[in-house]
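Notes to accompany the following structure.
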Amino acid sequence: MAILDKVSEFAKNLGDKTGSAIETSNLNSKISTEQNAINAVMTKIGEFYYNKYAEEKTADDGIAEFCKTIDGHNAAIAEAKAEIERIKAAEAAAVAAPVAAGGLVCTVCGAANADGRKFCSECGGKLEEKKPTVTAVGLVCSACGAANAADKKFCGDCGGKLEAITETKKRVCACGAEVAPGEKFCGDCGAKYEEGE
């Protein structure tokens, strides 16, 4: 029986320690929750005094120092945002430049490529120079595919030069259906369209 008493005593001590650990963990969690609540209120106090400083441009000496530090951080944020906008504008210009200069847009990935290239510099897809086609609204840009008015000389979307086609040849499949320019397969029968059919 002495062994059973010792095992029972050990189990009771272990249960007490486990209960204490759980209670301690719960109390630590409560302390953390209360500290987070204090931090949130401190943030609101700081925002209140900073907004007051921003409106009145005056504050107590101790608070004014903190407010000026915030002003410095806001200025750094504004500079970083301006730099992001400059980088985005430069990237957009770099993409538009080859197209505006008569370059080609890859039909696989949409990347702009310099004129004269045979394969896309981004994905390696074969580049095909397409002539603009006349539509009911005017011209379709061969670089980006955007519709433009018939009297325009440059694409309103990408800036690429538009060339008018005075005569368009209808493309007709062997089944008799019309195949749109640039399409490689008939939309009615699915047969591959070969030029000159």
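Values as computed for the structure displayed
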read-out	value
Solvent-accessible surface ranking, highest first, for 140, 41 at 1.4 angstrom	41, 140
For the range 10-83: accessible area per residue (Å², 1.4 Å)	83 Å²
Entries in 44/81; 126/161; 81/152 that, when Cα-Cα distance is taken, lie over 28 Å	81/152
Amide H within-cut-off set for residue 139, under 5 Å, with H built and near neighbours excluded	148, 149, 150
Under-5 Å amide H pairs with residue 154, H placed in peptide plane, nonlocal only	162
Largest to smallest accessible area among 67, 189 [probe 1.4 Å]	189, 67
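The values are calculated or read from the model by the stated rules, or taken from the named source; none is laboratory data. It should be emphasised that the depicted structure is a prediction, and the values quoted were computed from it without experimental measurement. Please note that ligands, DNA and RNA were not included when accessible areas were found on the heavy atoms of the full protein model with its side chains. Shrake-Rupley method; radii C 1.70, N 1.55, O 1.52, S 1.80 Å.
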